[in-house]
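The structure appears right after this line, and notes come after that.
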Amino acid sequence: MFFHVILTSECNSQCLYCFGEAVEDVDEDFGEFDVDYSLPKKINYSVNSLDRFCSLDPDCVLTFYGGEPLLCTEEIKQIMDKVRVKRFMIQTNGLLLDRLEPEYVNRFHTILVSIDGDEALTDFYRGKGTFRRLVDNLKFIKRNGFQGELIARMTVMEQTDIYKQVRWLLDNSEFSFSSVHWQLNAGFWKTDFARRNFEEWSEASYNPGVRRLVKFWVDYMEENGLVLKLYPFLGLARSLLSHEESSFLRCGGGWINYAIQTDGYIVPCPTMWGMKDYYLGHISTADPLRLKQVHIGKPCTECTAFNLCGGRCLYAIVTKRWSPEAYAHVCGTVKNLIQAVYGQMPRIEKFIKKGKVRLKDFEYMKYNGCEIIP
Ligand code: SF4
Ligand code: SF4
């Protein structure tokens, strides 16, 4: 099982799509949902109770999460010293990576770091100076021996040219990544659709950009014999190659990948923080292998893309922050992505047959924080 450990609700950044939207959406409440807005700002349960919980699952993977988890370096060290798990990972904005000693950083199996593309775009979304500090820290941890997987985790919205920015992250003179994932900022806030230009951007820029990027990904396989870890493509291609269909969320939210709140209650995913109807137990008493599962319902279960999409996002579907008409544009991007990968499968299968790439090259650690469907 995978668990996001929400160490704190506080963050040292004020990103446009998170802090900025929270400010704009301030008068909106969750209506029908009973939400606990008074959760502790930092974890208030004992590390021993987390250890008891994790020790019941021999395959337990913990991902430090926030807010910004590196605001809690002492808690991270205590947990890494005491809690018995198979792996530790972290999802961070990277600005404080230099504050955690290399002996801990180097134990992370995976670091997912928030970066949106080149300096201008990252600083536009995340604040001036973000990119430089982040890149300096990434170089620093590499120099100090970090050898795990480093995933560039982009948040994508209207200012993003997806083709250009993913290509930049893969190959630039500052800091190139070999793993990239992205998530659309879509369906998470109540009032933003009306203020934004999502429909036009998705049709004129994002969807064609994704199609072009899939072609580049497969061209790259042909020319270099390498399968780049572009997670949305990798996950779908792997499913298509193994004829795997799933009616479960690909992020794992609510069935294999849960989140532990700062008060120790377990919820299906970090965004469902405080939503009392979705509390699934407490780490002091729950058994990680017997947690209740929460699955996606309509309209996804009636959608033709469901077996590959898996429903994209439980939070977006249950909270219905965007109207069905608005959310249809998000589903349009999902279908475009699936079609783009599907259309390249004959080439990929041919490369595998010829031995140019191997089936094994499409393997990855599932539920590692990459949701697959952006
Ligand atoms: S495309 Fe949209 S409606 Fe269809 S399964 Fe995915 S999220 Fe659900
Ligand atoms: S895709 Fe949605 S349900 Fe899954 S982890 Fe992200 S916010 Fe949670």
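In the range 348-365, the residues that are over 13 Å from Leu226 (Cβ atoms) form Cβ pairs under 8 Å with partners that are modelled with pLDDT of 95 or more and of a type in the set (S, T, N, Q), at six or more places apart or across chains, as follows: Met365/Thr110.
Kindly check whether there is at least one residue in the range 287-294 that is among the acidic types (Asp, Glu), closer than 30 Å to Lys42 by Cβ and within 13 Å of ligand 2 (Cβ to nearest atom).
Going through the range 287-294, the residues among the acidic types (Asp, Glu) turn out to be 287.
Narrowing the set further to residues that are closer than 30 Å to Lys42 by Cβ leaves 287.
Filter once more, keeping what is within 13 Å of ligand 2 (Cβ to nearest atom): none.
Looking through the range 287-294, none of the residues is among the acidic types (Asp, Glu), closer than 30 Å to Lys42 by Cβ and within 13 Å of ligand 2 (Cβ to nearest atom).
Where helices (runs of 4 or more DSSP H) fall entirely within the range 1-119, those with at least 1 residues that are open to solvent by less than 20 Å² (accessible area, probe 1.4 Å) and touching a residue at least 60 places away in the same chain (Cβ under 8 Å) are at 21-24, 47-55, 73-82. Cβ separations smaller than 6 Å between residues 6+ apart or across chains give the following pairs from the range 191-214 residues that are over 26 Å from Lys320 (Cβ atoms) to residues that are among the small types (Gly, Ala, Ser): Arg211/Ala340; Val214/Ala340.
Would you call Arg250 in a loop (DSSP other than H, G, I, E, B), within 15 Å of ligand 2 (Cβ to nearest atom), within 21 Å of Cys18 (Cα to Cα) and in contact (Cβ under 8 Å) with a residue 12 or more places away in the chain? No. In this structure, Phe188 does not qualify as open to solvent by less than 10 Å² (accessible area, probe 1.4 Å) and closer than 26 Å to Thr271 by Cα.
Looking at the range 315-324 only, could you name the residues that are away from ligand 2 (no atom under 16 Å from the Cβ) and in contact with a helix residue (DSSP H, G or I) (Cβ under 9 Å, 6 or more places away or on another chain)?
Just the residues of the range 315-324 that are away from ligand 2 (no atom under 16 Å from the Cβ), to begin with: 323-324.
Listed by number, the list holds a single entry, Ser323.
With respect to (1) more than 9 Å from ligand 1 (Cβ to nearest atom); (2) touching a helix residue (DSSP H, G or I) at 6+ places or on another chain (Cβ under 8 Å); (3) within 26 Å of Lys276 (Cα to Cα); (4) among the aromatic types (Phe, Trp, Tyr), the lone exception for Tyr342 is condition (3).
The values are calculated or read from the model by the stated rules, or taken from the named source; none is laboratory data. Fair warning: this is a prediction, and the values are worked out from it, not measured in the lab. With ideal geometry, Cβ positions are generated from the backbone for all residues, glycine too; neighbour counts draw on all protein chains shown. Accessible surface areas use protein heavy atoms only, side chains included; no ligands, DNA or RNA. Shrake-Rupley method; radii C 1.70, N 1.55, O 1.52, S 1.80 Å.
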